[in-house]
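Chemist: If you scroll down you'll find the structure; I have some questions about it.
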Amino acid sequence: MQFGALCHYFVEWADVAAVVTAAALRFIDKDSLPMNMVLYTDQYEQTMWKKLGDSVLHIELSCWADVLVIAPASANTLGKISMGLCDNLLTCIVRAWDYKKGLFVAPAMDTLMWTNSFMEKHLTDVDDLGIVLIPPDTERSVCGERGKGAMAEPSDIDTAIRVFLEPPSSDSGSSNGMEEQS
């Protein structure tokens, strides 16, 4: 699926750790994923911490990552983010995230779910947090209907993240962008 393709794009230029929810596992072909990428599930969060003072995975990952990309972002995950819920590894990372760093969501869901008024509220909340939306495409959905809701193309998501991470261009040799006065 597209998740594997997106991971392949990212590992070409970045260190990648992927976090997958239990619901997403049924859609992922693990054999399609890059070999040099770590894949985390909720089980890692539950087994890594044993006693006070041990590392907490969602904190470690939220500090380690320069950018967080949730793709595909389901209606369920967007709703949880909107409400501040954190009941799995992914939403715990979002809850601990430093929003000065980039956080992107690329939704993927049925058109009826995408156009639902709950989604409008959730997207407003997500926008208020400073999370960047990579809008879905119009394609045929899993249930056969054609409409908006398909995850954006992996190449488009990759481009959006690369543009975000590019250093700002310098302005004609002036370090602060202001003209010198004599």
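The values are calculated or read from the model by the stated rules, or taken from the named source; none is laboratory data. Since this is a predicted model, take the numbers as computed values, not measurements. No Cβ is skipped: glycine too gets one built from the backbone with ideal geometry, and neighbour counts run over all protein chains shown.
Chemist: Could you pull out the residue among Glu45, Glu60 that is without any contact (Cβ under 8 Å) to a residue 12 or more places away in the chain, over 21 Å from Leu123 (Cβ atoms) and acidic (Asp, Glu)?
Modeler: On the way: Glu45 fails: without any contact (Cβ under 8 Å) to a residue 12 or more places away in the chain.
Answer to the selection: Glu60.
Chemist: Given Gly102, Gly84, Gly130, which one is farther than 17 Å from Thr41 by Cα, over 14 Å from the mean Cα position of the chain (by Cα) and of a type in the set (Gly, Ala, Ser)?
Modeler: Selected residue: Gly84, the only one of Gly102, Gly84, Gly130 that is farther than 17 Å from Thr41 by Cα, over 14 Å from the mean Cα position of the chain (by Cα) and of a type in the set (Gly, Ala, Ser).
Chemist: Could you check how many residues of region 141-171 are touching an Asp or Glu at 6+ places or on another chain (Cβ under 9 Å), assigned to a loop (DSSP other than H, G, I, E, B) and either modelled with pLDDT of 95 or more or not charged (D, E, K, R) (or both)?
Modeler: Matching residues across region 141-171 total 6.
Chemist: Continuing with the same structure: Hey, could you check region 9-47 for residues that are crowded, with 16+ Cβ neighbours inside 10 Å and among the charged types (D, E, K, R) and say which is nearest to Trp64 (Cα to Cα)?
Modeler: Ranking the candidates gives Glu45 first.
Chemist: Looking at region 112-123, I want the residues that are closer than 12 Å to Lys148 by Cα and have a partner that is not in a loop (DSSP other than H, G, I, E, B) with Cβ atoms under 6 Å, at least 6 apart or on another chain. Which pairs are those?
Modeler: Filtered contacts from region 112-123: Met113/Ala75; Trp114/Lys148; Trp114/Gly149.
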